[in-house]
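Trainee: First the structure, then my questions, so here it is.
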Amino acid sequence: MTGEGGEVAGRAVPTSKDVARVAGVSQSTVSYVMSGKRPISEKTRKVVEDAIAELTYQPNAGARALAGRRTQIIAVVMPVDNALGAAGFMAFVEEITLVARQHDHDVLIVTADEGVAGLQRVAGRALCDAIVVMDVKTDDPRAALARELNLPTLLIGVPDDAEGLHCIDFDFETGARLLVDELADAGHERIAALGWGPRTLGRNLNFVPRFRDAALDQARTRGLAVDWIVPTTETLEEQVTESLDQGVRGLLLATSPARAMNALQDNGLRPGRDVDVVALATHAEATAFPVHLTNVSQHPRDVSRQAMEWLFALLGDPTGAAGVRRVPAELSRRASVRTH
């Protein structure tokens, strides 16, 4: 008896990897041709079938049956260092775990630092039933692999090329426009926007340019001048103070609300009285200050819950249509912006 690989009468038994090499296609394409789980062009199918015939490849039925068993595990590819901060990040993880348990599944954590190799490892070893990919980059090399994996894979985030992928995320674009509109409606002609620092920018995370570009575009539409601040660890407070010294009295906080609020306090300025402040922040973060902030929440729990519900639907029907889903953005008005 032989398995996937091994020897028969002293000669090596061909594997699906050998078929892929001879056919010049990916190993997952070979799997699709044999299983019929995804549509394959007639040309590709013939190339694969010719390679199978040439190599006299015969998949092991026992191995196929074993691969078909459910592991009751969802793999979550997540970052060790997250731009949302610990509180926002843990909200994602907690909700993912809760929904997984409701479906009698456990969660396997795979660090995002493993990149493509991490996806290949969990998929290739049949360690899970489905994969959730977080920490999605604008140009993410894992996206191409996600299209080929022979198990449901869902991205929390939207890369530039989302064709053929299952992606879900908060609507950062609409959130940015809502925050800019709030300051414009308060009568500001110039605002300062506290963006992400060099470390986060260097990670090429997908939501950063989506939010920034939408905010700047909406500011142009509303006739607002914007001082976009790229904060550094050492000089964030000084950068905020510099804008205040130049007469800016409208602040949009995309990150680091605590330190920006400290800078206002150091300058003797009170939100909602001396300066108008809006923030991209969770409700917990926005209400952690003496003056609660007008905010747009990223809704990490809603994003995670909807992602997991979609993922389990794909487990039931792997042919479910790919696409991008966005959790709607809403503005919550609080005391940090003067009534207008």
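Trainee: Report the label-to-label distance for residue 213 and residue 26 in nanometres (one decimal), using points 7 Å from each Cα along the Cα→Cβ vector.
Mentor: According to this spin-label approximation, the distance is 2.4 nm.
Trainee: Ranked by Cβ crowding within 10 angstrom, fewest neighbours first, how are 282, 232, 174 ordered?
Mentor: So the ranking, lowest neighbour count to highest, is 232, 174, 282.
Trainee: Here is a further query. Quick one: of the DSSP bridges fully inside the chain, what percent are antiparallel, nearest 5?
Mentor: 15
Trainee: If you place +1 on the Cβ of every Lys and Arg, -1 on the Cβ of every Asp and Glu, and leave all else neutral, what size is the dipole of the range 129-247 about its Cα centre, to the nearest 20 Debye?
Mentor: Rounded to the nearest 20 debye, it is 180 debye.
Trainee: Can you count the Lys pairs in the chain whose Cα atoms are under 25 Å apart, with each pair 8 or more apart or on different chains?
Mentor: Lysine pairs meeting both conditions in the chain amount to 4.
Trainee: Under a crude label model (7 Å from the Cα following the beta-carbon direction), how far is residue 201 from residue 333 in nanometres?
Mentor: With each label point 7 Å from Cα toward Cβ, the separation is 3.4 nm.
Trainee: In whole Å, how far is the Cα centre of the range 262-321 from that of the range 117-162?
Mentor: For the range 262-321 versus the range 117-162, the Cα centre distance is 25 Å.
Trainee: Could you point to the label whose value was computed as P(r) over Cα pairs in 10 Å bins from 0, in percent for the structure here, given (1) 5, 22, 26, 19, 13, 8, 5, 2, 0; (2) 5, 23, 28, 21, 15, 6, 1, 0; (3) 6, 25, 31, 20, 10, 4, 2, 1, 0?
Mentor: (1)
Trainee: To the nearest 20 debye, what charge dipole does the range 172-298 have about its Cα centre, counting +1 at the Cβ of each Lys and Arg and -1 at the Cβ of each Asp and Glu?
Mentor: Using Cβ point charges on Lys, Arg, Asp and Glu, the range 172-298 gives about 300 debye.
Trainee: In addition: Per DSSP helix of 4 or more residues, -39500 (n - 2.57); summed, then divided by the residues of the chain. What does that give at 222 nm, rounded to the nearest 500?
Mentor: Mean residue ellipticity at 222 nm (helix-derived): -13000 deg cm²/dmol.
Trainee: Another question, if that's okay. For residue 273 and residue 302, what is the calculated FRET efficiency with R₀ set at 41 Å and r taken between the beta-carbons, to the nearest 0.05?
Mentor: 0.80
Coordinate-derived values only; no laboratory data. Predicted, not measured: the structure shown is a model, and the values here were computed from it. Glycine also receives a Cβ, built like all others from the backbone with ideal geometry; neighbour counts cover every protein chain displayed.
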